[in-house]
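No value in this document is a laboratory result; all are computed from the given coordinates. The structure presented is a predicted model; accordingly, all values stated were derived computationally and were not measured. Neighbour counts are summed over all protein chains in view; Cβ atoms, including those assigned to glycine, are modelled from backbone coordinates with ideal geometry.
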Amino acid sequence: MNENSTEQKKEVIYAKGLKGVIATETGLSDVRGAEGHLLYCGYEIEDLVDLCSFAEIIYLLLNKRLPNREELEGLQQRLRNDRELPQPILDFFKTATKTARPMSALRTAVSMLGMYDDRTKDPSQMKEIGLSLIAKLPVMAAYYYRICQGLDLPPIRTDLGEAEHFLWLLKGTEPDPAEAHILDVAYILHADHGMNASTFSARVTASTLSDMYSAITSAIGSLKGPLHGGANEAVIEMLKEIGEEDKVEEYINRKLANKEKIFGIGHRVYRTLDPRAPLLRRIAIRLTQTIGEPKWIRMSDRIAKIMRARKNLNANVDFYSATVYYSLGIPTRMFTTLFAIARCAGWVAQILEQLEDNTLYRPLAAYKGPDDPLLVPMLDMR
């Protein structure tokens, strides 16, 4: 009996977009949508934000336990020593179009990196390659942005943590410790989140026994979409379009009347408040007061209140991260790359977990075409 006839005899369950379908088991992130809780490897996200650094979260996701001091210092040094980019990647950034979105450049650069890494031939090097990508993604993102702006490239440093180093590369000035801490918290909140679209893409690619670079390239391509990671850029553009707090209701009324999407509102998994949103909201309140532009958080809160009242939908992580990044002085076109930088740790962990007990992903599709075979007409009769 062939594979198709065997599959036809099985009961077929159709869930568009695989909604509600459990495709694998994981010990990484526990997304409790009904309760509004998020845990990494058993730890509540609120506790991790209060007590851990992003480097500790990277170790946690890759090893499913928190590091001791010696292990943490070893990981930090490992990442800091692997930030340099091959010259062909820098040459690509310098010759590539300057009008491309940073996520497009990041996707292509990650794929290119795989061409210059002989470790891809050795499956035992997957984790080491993953660590290299975690170290290099922030450098690639910041360098491409600065090249597009005609700015010089700050030298790589090994005395700064992950968030500090990114701010140094992006702005070219000594990073402010308070700003670096805020970005570190944002990294933690974005590090992993179950079987989302980009993680699913990464695991599907890894399940074919392709290499780490291919899997991360797949993930970046998925995250780039406005229904996934690109939503935070759409949120800040929406706030800029509204302009003032007293124009919020008119804007929302028009959008809802036209059945247009309000970005940053609602979530495919959470049926209550996204637990990451209030953590970012508190940061956004402090930041907007610091920079003297509280209207951004006031408009955000007004939108969230209206959507909760009218549609029973809550703000998600993208909604408040937009205001946080904007208030940190990060260019809007870089918002989604920040998501990728943080989520790369989760992608690598998910890929490694996939390979521990691998099964090739092969869902079915419900065919909607003609039931009976059609006759192929001659070319002149079509």
Study note, to complete from the structure: note: segment 142-283, Cα-Cα separations exceeding 26 Å make up a percent value of 44
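Charges only on Cβ, +1 for Lys and Arg, -1 for Asp and Glu: so what's the dipole of the chain about the Cα centre, in debye to the nearest 20?
Charge dipole, the chain, about its Cα centre: 1260 debye, nearest 20.
If r is the Cβ-Cβ distance from residue 273 to residue 87 and R0 is 45 Å, what FRET efficiency results, to the nearest 0.05?
0.45
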Practice item. Given a cut-off of 23 Å, name the pairs among 19/255; 19/261; 255/311; 16/261; 247/311; 16/240 whose C-alpha atoms lie farther apart than that in the structure shown. Key: 19/255; 16/240
Review point. Which Rg and Dmax, in Å, describe the Cα atoms of the chain?
Key: 22.3, 76
**Study point:** Inter-label distance, nm, simple model (7 Å from Cα along the C-beta direction), residue 46/residue 181
**Key:** 2.0
Review point. Ordered by residue, what ³J(HN,Hα) values in Hz, to whole numbers, does segment 248-260 give under the Karplus form 6.51 cos²θ - 1.76 cosθ + 1.60, where θ = phi - 60° and Gly and Pro are x?
Key: 4, 5, 4, 5, 5, 4, 5, 5, 5, 4, 8, 6, 9
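Cα gyration tensor of segment 223-300, axes a ≥ b ≥ c as square roots of the eigenvalues: rounded (a/c below 1.5), prolate (a/b > b/c) or oblate?
oblate
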Check your understanding: Quick one: if you stick a label point 7 Å off each Cα along the C-beta vector at residue 21 and residue 291, how many nm between them?
Key -> 4.1
Review point. Put a dot 7 Å past each Cα toward the Cβ at residue 101 and residue 245; how far apart are the dots in nm?
Key: 3.2
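Over the Cα atoms of segment 178-218, Rg to Rh with Kirkwood Rh, two decimal places?
Ratio value, two decimals: 1.17.
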Review point. Fewest to most neighbouring Cβ within 10 Å: what's the order for 168, 347?
Key: 168, 347
**Study point:** Computed over segment 193-260, the ratio Rg/Rh where both radii use C-alpha atoms and Rh is Kirkwood
**Key:** 1.23
Check your understanding: Across 5 Å bins from the origin, how do the percents of Cα pairs in segment 1-156 run, short distances first?
Key -> 1, 7, 12, 12, 13, 13, 13, 12, 8, 4, 3, 1, 0
Study note, to complete from the structure: Kirkwood calc, segment 259-328, C-alpha pairs only, radius in angstrom 12.2
Review point. For segment 93-176, what does the equivalent ellipsoid look like in terms of its semi-axes, each the square root of 5 times an eigenvalue of the Cα gyration tensor, given largest first in whole Å?
Key: 24, 18, 9
Practice item. Evaluate the Kirkwood expression for the hydrodynamic radius of segment 209-352, namely the inverse of the mean inverse distance over all pairs of different C-alpha atoms, and round to one decimal in Å. Key: 16.0
Review point. Using a cut-off of 18 Å between alpha-carbon atoms, which lysines can reach residue 127, once sequence neighbours fewer than 8 places away in the same chain are excluded?
Key: 64, 136
Check your understanding: Between residue 157 and residue 380, what length in nm is gained on full extension when 0.36 nm per residue of separation is reduced by their alpha carbon distance?
Key -> 73.5 nm
Check your understanding: Taking neighbour Cβ counts within 10 Å as the exposure measure, how do 353, 244 sort from fewest upward?
Key -> 244, 353
Review point. Relative contact order of segment 75-225: what whole-number percent is it, with Cα pairs under 8 angstrom and at least 6 residues apart?
Key: 29
Point to revise | Footprinting exposure proxy for 50, 274, 176 (fewest neighbouring C-beta atoms within 10 Å first) | key: 50, 176, 274
Exercise for review: Give the calculated FRET efficiency between residue 94 and residue 256 to the nearest 0.05, with a Förster radius of 56 Å applied to their Cβ-Cβ distance.
Suggested key: 0.80
